[in-house]
Amino acid sequence: MKQRIKSMLVRRYLREEDSIKYEHLLEKRAEGEVRLRKSMISHLSTLNDGIVAIFITVMMLEIPFPTSERTYWEFVWSVLVFFVSFFIVADFWYDNKRIFEAVREADHLVIVANFMFLASLALIPVATKWIMHQKDRYSAVHFGAIYMVTSAFQQFLYYTALRKRFRKNLRLFLLMIVFRACLIIGISAVLMLISWFYPEQAVILYIILPVVNFFLPQ
């Protein structure tokens, strides 16, 4: 709308010859934006691959080496937490691949949604480090909260990427997204409640959802 108003004002004050040149420039600009939106899907997918690889590497480097029998069990705990975080990140990565494979172009809203998702996903290595070195209710609850927020942002990314594809059934598509988001938030809330009272057991429960979702046929 803003571009249309600007174009009308420019046409009003330009000569006919200059107006034709201006229209030609607008067409070239529109063609460039179309090419950018189409190429942006592969760029975002490649960017996500690299960032996810960095996240997994950071989490792996946080695993402490055992120096005694006591620290050995801390090492086992850290390995368990790493596997939980690994499969959570892997599950998010796989879902994102499925999203980008289903669309042909990415507009500005998709780019914003993807970076919001990546920003929340970046907190998982931080939460992983926290829960490795401090096994208490606060670290476990915050781990669950980050998982919930990241899941919600991924649902937002799913909506923004596929909204044009389902524009004829947008209301039904939106209801499906809301239902999935509410289901994820509900499950996360239950896990966070368990984390408050049984933090070590909750960490084990956190691996169930992403691992089952990752290995089961989609």
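Where a number appears in this text, it was derived from the coordinates with a stated rule and is not lab data. Keep in mind the model is a prediction, meaning the values are calculated, not measured. Virtual Cβ from ideal backbone geometry, glycine too; neighbours counted across all protein chains shown.
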Karplus 3J(HN,Hα) series, Hz, for region 182-196 with 6.51 cos²θ - 1.76 cosθ + 1.60 (x for Gly, Pro) | 5, 5, 5, 5, x, 5, 5, 5, 5, 5, 5, 5, 5, 4, 5
Among Leu157, Phe117, Ala189, whose Cα lies farthest out toward the positive end of the dipole of region 56-205, if unit charges sit on the beta carbon of Lys, Arg (+1) and Asp, Glu (-1)?
-> Leu157
What's the local net charge at Ile184, with K and R +1, D and E -1, over the other residues with C-beta under 13 Å away?
-> -1
List the GluC sites (Glu not before Pro) within region 37-88 that fall in a DSSP loop (any state other than H, G, I, E or B) and whose Cβ has at most 13 other Cβ atoms within 10 Å.
-> none
Beta carbons within 10 angstrom, averaged per residue: use that to sort the peptides 162-175, 186-199, 43-56, highest first.
-> 186-199, 43-56, 162-175
